[in-house]
Structure formats: C-alpha cells, structure tokens
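> My structure is below; once you've seen it, I'll send some questions.
The values are calculated or read from the model by the stated rules, or taken from the named source; none is laboratory data. Bear in mind the structure is a predicted one, so any value in this text is a computation, not a measurement. Cβ coordinates were reconstructed from backbone atoms using ideal geometry, including for glycine residues, and neighbour counts include every protein chain displayed.
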Amino acid sequence: MKVLSVNAGSSSLKFQMYEMPEEKVLISGTFERIGLENSFYTIKINEDKIKKESNLSNHEVAVQILIRELLENQVIDNLDEIKAVGHRVVHGASKYASSVVITEEVIQDIKSFSDLAPLHNPANVMGICAFIEAIPNAIQVACFDTAFHQTMKEERFLYAVPYEWYTKYGIRKYGFHGMSHKYVSEYTRELLDKEFCNIIVCHLGNGGSISAVRDGRCIDTTMGFTPNAGIVMGSRSGDIDYSIIPYLMKKTGKSIDEIDQELNKKSGMLGLSGVSSDFRDIDAKIAEKDKQSIMAHYLYVNSIVGYIAKYYVELGGVDAICFTAGVGENAPHVRRMVIDRLNCLGIKVDRSKNDEIRFGKEGIISTEDSTVPCFVIPTNEEVMIARDAYSFI
Ligand code: AMP
C-alpha cells in the first residue's frame, strides 16, 4: 500500500513515497524554487538521482509533475494506488494534539493559525490543496509539528504573564520539531525495550530543540511560542532577555521587524561567530584558532547542557539521552563537549565510538559504565508522517 509523505514550504516541496507497512522508500525528491526563476526538481529512485529544470510556477504544477514522474517511473500504475498523503503542518495551535484526517474545517483551522506561523502554515495549506485536487481519492492527513508537545501541562507551557494573554491571544509555549522528537523517543523506547522510561531528545540542527519525554509523552521542550526560543541555533538567538528588544529599538532607531529579522536570521552561531550558521564553516575557523568561533562553540554547548541538566532533574533521572539532526548526527566534537560536561552525573562519552558514529549511522556513544546511555539516532520525520497517515487507512 502506497503512502506519500509531504513537506511543503513556500517555495519548495519535499516528498517520499513509502510502501507501507514495510516502510520501504520507493521514491523521494524535492521541488525547489517553486514560483521563482530557475526552478528545478530532483528525484531519487533506486539509488539513481535525477535533476531536471522545469518551470514550477506554483505548487499545483509541482504536484502534477510529481504524479507524472511516479507514473513514468512505474512507481504506480494509477493514482488510486496512493491510499494516503501525510502533510507536515508546522502549527496546530492548542487544538490539535495528534495527526488528523484533513477536512474543510481542518484547512480553515490551519489557515487561521497562520498568525502563529506566517512563513509555514500558508505554504502547508498550498501543498494540501494541490494534493487534494490531484489525488482526490487518497486520505489526506495533517501531521502537526506542535502536536507531540500538547501533552505538556499548564505549569510547563505557560509563561508568567497576565493569564488573559493565554486565554485571549494563545500566548503559551507550543514547541516544535514534534515529529522528530516523537520518532527519536519512540525508537529509543524500542531500543531500551522499556515502556516506562525517561528520555531526553536533543534535536540539534540548523534549528534546534530539546525535549523531555516520559513514557512516550512530552513533558517539556525548549522551543516556545515560536521556534526562536530555547537553545542557541544556527542563525536564531534562542532564549534572550526580552528587554533587549525595546532597548535596541530606542538606541538604534531600528523597527521591531528589523530586530526580529536579526534575531531570526543574523543571530545564533552566525551572529556569535561572525562566520556562518553552519558548523562545518565554524569548525574550519576553529581549526585556525579563531577566538570568536571557539567562544561561540562553548556558548552553544552551554545552552544545551543547561537544558539537559534541567530536564534530568524535571524527569527525576533519565534512561537515555539522544542526539539527532544535522549537528547531533554529524558533529562528534559537539556531542563530546556536551557529554563531558555531564560527567558530574556519571555520564561519560566513549570517544572512539562517538567519533565513529556519524553520517547516518546510529548507535551508542557512551561508555559501558556511564550512568545513562547516550545514543545517536538519525531522525526520520518523513516516516513518522507516513506512519501517521497510514494509521488512518
Ligand atoms: P538540519 O537542520 O538538521 O538539516 O542540520 C543542518 C546543520 O547541520 C548544518 O547547518 C550544519 O551546522 C550541521 N551539519 C551538517 N553536517 C555536518 C557535519 N558533517 N559536521 C558538522 N556539522 C554538520
């Protein structure tokens, strides 16, 4: 049975087609620069990668080309073979605590949450509408990035601001990267073979978040009302003292939008190092003993260690700490620096195992006598979406 997993951005559309329940990837690809000049798409099938330039004027055109490729490459013989399409949707607000079959009401809700995710939700709706039109017989399912964190209690998701900010305007912590936190925590529970266990998941990518998961349910996470909160990220500041914003506005005459842009796009590792938001570039500078890059690295690690320590206590001890996403999967030195700082809890890194596990490998990177096992688990948000979509068939 064939299920599509879709992640639509404002100018891109990523997809994977799975044979379910085997979870075998039949074809995957990305449409890029949709609605812009020089648009193109890449498709991977049977280890072959094809890149084609094509005029992708909108998402509907991209979906039509996708269907043509599926038929031409004989991945499907007809559209009715696709039983479900799972869509990644960034914001489900407080209403959606799990994935749902998309109805007109769900589409209206996703649109109405656009204030909370202006860059993402409108693009997600474009993707959904294009697939409903192209494959009307398939079940369409919305998988929300916020849903996994809906199990947080009020005392964890509220901010200490007037309560009516929450009741009137929805000001609260939502949390993001939910499909990744869910995938990694479920996978780890299986590895541990324990139904009841406490897991800390460190999703360290260009964006980054950490979550505390008890018995498969999220109890706390670092991202907040928006994905700008929490740990230091590639180009996002993470937690700051909010008073910096009005102070800077008065000092520099910059508008709130300009400062917002700088906190989003020019801060984090990029802002601190002055080099790049990408760890590979910063590492190259560290090799040249660039002081600012070295400091940025320490500050990044500090922000991660702070949250791991907090969640360790909030959970009352943990059964596993997991690293995932671009940095978590591929940067052993970051993992080593983080785990070394946890030595006071008896958590110890195995340096050689840690150095070995990267580029898509999974495994344990702590020593045998470490009080808590530490794992690298490559994330797989796409399969999580396919699983949720499949569950409705
Ligand atoms: P993601 O958002 O999960 O795709 O992660 C992307 C980020 O992972 C990049 O911006 C890099 O900072 C980091 N990254 C990817 N590959 C490596 C690598 N080989 N070494 C260090 N960092 C990496």
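> Search the stretch 270-282 for residues being near the ligand (Cβ under 10 Å from one of its atoms) and in a loop (DSSP other than H, G, I, E, B), and hand back the single one that is farthest from Ala325 (Cα to Cα).
Restricting to residues being near the ligand (Cβ under 10 Å from one of its atoms) and in a loop (DSSP other than H, G, I, E, B), the top hit is Ser276.
> Further question: Which pairs turn up if I take residues in the stretch 53-68 that are outside any loop (DSSP other than H, G, I, E, B) and look for partners that are among the polar types (S, T, N, Q) and crowded, with 17+ Cβ neighbours inside 10 Å with beta carbon separation below 8 Å, at least 6 apart in sequence or on another chain?
The qualifying pairs are Glu53/Ser39.
> Please indicate, with yes or no, whether at least one residue in the stretch 235-251 is in contact (Cβ under 8 Å) with a residue 40 or more places away in the chain and within 16 Å of the ligand (Cβ to nearest atom). Steps first, please.
Step one: filter the stretch 235-251 for residues in contact (Cβ under 8 Å) with a residue 40 or more places away in the chain, giving 235, 238-239.
Adding the requirement that they be within 16 Å of the ligand (Cβ to nearest atom) leaves 235, 238.
Yes, that holds for at least one residue.
> Among the residues of the stretch 329-349, which ones are within 16 Å of the ligand (Cβ to nearest atom) and among the polar types (S, T, N, Q)? Step through it out loud before you land on a result.
Kept after step one, since they are within 16 Å of the ligand (Cβ to nearest atom), are these residues of the stretch 329-349: 329-338.
Scanning the stretch 329-349 gives a single hit, Asn330.
> If you don't mind, there's one more thing I want to ask. For the list (1) within 30 Å of Arg172 (Cα to Cα); (2) of a type in the set (D, E, K, R); (3) surrounded by fewer than 23 Cβ atoms within 10 Å (Cβ to Cβ), I need the number of the one condition that Lys2 fails.
(1)
> Tally time: how many residues in the stretch 85-103 are in a loop (DSSP other than H, G, I, E, B) and within 18 Å of Tyr390 (Cβ to Cβ)?
Of the residues in that region, 3 qualify.
> Please work out which one of (1) buried (at least 22 other Cβ atoms within 10 Å of the Cβ); (2) over 27 Å from Thr222 (Cα atoms) is the condition His91 fails and give its number.
Evaluating His91 over (1) buried (at least 22 other Cβ atoms within 10 Å of the Cβ); (2) over 27 Å from Thr222 (Cα atoms) leaves (2) as the failure.
> Right, next: Identify the residue in the stretch 319-328 that is buried (at least 24 other Cβ atoms within 10 Å of the Cβ) and not hydroxyl-bearing (Ser, Thr, Tyr) and, among all such residues, is farthest from the ligand (Cβ to nearest atom). Quick ask: steps written out before the conclusion?
In the first step, residues of the stretch 319-328 are kept if they are buried (at least 24 other Cβ atoms within 10 Å of the Cβ); the result is 320-324, 327-328.
Among the residues that remain, those that are also not hydroxyl-bearing (Ser, Thr, Tyr) are: 320-323, 327-328.
On the way: Ala320: 20, Ile321: 18, Cys322: 14, Phe323: 11, Val327: 5, Gly328: 8 Å.
Looking at the filtered set, the residue picked out is Ala320.
> Follow-up. Output the qualifying pairs, or none if there are none: Cβ atoms under 6 angstrom, residues six or more apart or on different chains, first residue in the stretch 372-393 and on the phi < 0 side of the Ramachandran plot and without any contact (Cβ under 8 Å) to a residue 60 or more places away in the chain, second residue within 16 Å of the ligand (Cβ to nearest atom) and in a strand (DSSP E or B).
Val376/Phe323
> Against the condition aromatic (Phe, Trp, Tyr), in contact with a helix residue (DSSP H, G or I) (Cβ under 7 Å, 6 or more places away or on another chain) and closer than 18 Å to Ser10 by Cβ, how does Phe148 come out, does it pass?
Working: aromatic (Phe, Trp, Tyr): yes; in contact with a helix residue (DSSP H, G or I) (Cβ under 7 Å, 6 or more places away or on another chain): yes; closer than 18 Å to Ser10 by Cβ: no.
Spelling it out, it is not the case that Phe148 is aromatic (Phe, Trp, Tyr), in contact with a helix residue (DSSP H, G or I) (Cβ under 7 Å, 6 or more places away or on another chain) and closer than 18 Å to Ser10 by Cβ.
> Right, another one. Under the condition of being buried (at least 22 other Cβ atoms within 10 Å of the Cβ) and hydrophobic (A, V, I, L, M, F, W, C), which residue from the stretch 329-342 is farthest from Glu195 (Cα to Cα)? Can you show your working first?
Just the residues of the stretch 329-342 that are buried (at least 22 other Cβ atoms within 10 Å of the Cβ), to begin with: 329, 335, 338-339.
If we keep only those that are hydrophobic (A, V, I, L, M, F, W, C) too, we end up with 338-339.
Values: Val338: 27, Ile339: 25 Å.
Per the criteria, the residue is Val338.
Listed here are the residues, each with its yes/no results for (1) over 23 Å from the mean Cα position of the chain (by Cα); (2) surrounded by 21 or more Cβ atoms within 10 Å (Cβ to Cβ).
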site	(1), (2)
Thr221	no, yes
Gly224	no, no
Val232	no, yes
Ser235	no, no
Ser243	yes, no
Ile256	yes, no
Ser277	no, no
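> Tell me whether the stretch 283-303 contains one or more residues that are of a type in the set (Val, Ile, Thr) and not in a helix (DSSP H, G or I). It would help to see each step written out before you state the result.
In the first step, residues of the stretch 283-303 are kept if they are of a type in the set (Val, Ile, Thr); the result is 286, 294, 301.
Within this subset, residues satisfying the condition of being not in a helix (DSSP H, G or I) are none.
Looking through the stretch 283-303, none of the residues is of a type in the set (Val, Ile, Thr) and not in a helix (DSSP H, G or I).
> Out of the residues in the stretch 146-199 that are under 22 Å from the mean Cα position of the chain (by Cα) and among the basic types (Lys, Arg), state the one that is surrounded by the most Cβ atoms within 10 Å (Cβ to Cβ).
Selected residue: Lys182.
> Take residues that are touching a Pro at 6+ places or on another chain (Cβ under 9 Å) and tell me which of the helices (runs of 4 or more DSSP H) falling wholly in the stretch 309-393 contain 2 or more. Please lay out each step first, then the result.
Values: elements: 325-330, 332-340, 351-356, 381-390.
Per the criteria, 325-330, 351-356, 381-390.
> Moving to a separate point now. Just to be sure I understand the filter: pairs with C-beta atoms under 6 Å, separated by 6 or more residues or on different chains, first member in the stretch 221-232 and at positive phi, second member at pLDDT 95 or above and not in a loop (DSSP other than H, G, I, E, B). Which pairs pass?
Gly230/Ser209
> Please tell me if Ser352 is of a type in the set (S, T, N, Q), within 16 Å of the ligand (Cβ to nearest atom) and out of contact with any helix residue (DSSP H, G or I) (no Cβ under 7 Å at 6 or more places or on another chain).
On the way: of a type in the set (S, T, N, Q): yes; within 16 Å of the ligand (Cβ to nearest atom): no; out of contact with any helix residue (DSSP H, G or I) (no Cβ under 7 Å at 6 or more places or on another chain): yes.
So Ser352 fails the test.
> I've got another one for you. All but one of (1) without any contact (Cβ under 8 Å) to a residue 12 or more places away in the chain; (2) touching a Phe, Trp or Tyr at 6+ places or on another chain (Cβ under 8 Å) hold for Val85; state the number of the condition that does not hold.
Evaluating Val85 over (1) without any contact (Cβ under 8 Å) to a residue 12 or more places away in the chain; (2) touching a Phe, Trp or Tyr at 6+ places or on another chain (Cβ under 8 Å) leaves (1) as the failure.
> A further question on this structure: When the residues of the stretch 283-318 are filtered to those that are free of Cβ contacts under 8 Å to residues at least 12 places away in the same chain and within 14 Å of the ligand (Cβ to nearest atom), which remaining residue is surrounded by the most Cβ atoms within 10 Å (Cβ to Cβ)?
Ranking the candidates gives Ile286 first.
> Of all residues in the stretch 355-364, which are surrounded by fewer than 20 Cβ atoms within 10 Å (Cβ to Cβ) and either within 22 Å of Gly207 (Cα to Cα) or away from the ligand (no atom under 16 Å from the Cβ) (or both)?
Let us first name the residues in the stretch 355-364 that are surrounded by fewer than 20 Cβ atoms within 10 Å (Cβ to Cβ), namely 355-356, 358-364.
Residues satisfying the conditions are Arg358, Phe359, Gly360, Lys361, Glu362, Gly363, Ile364.
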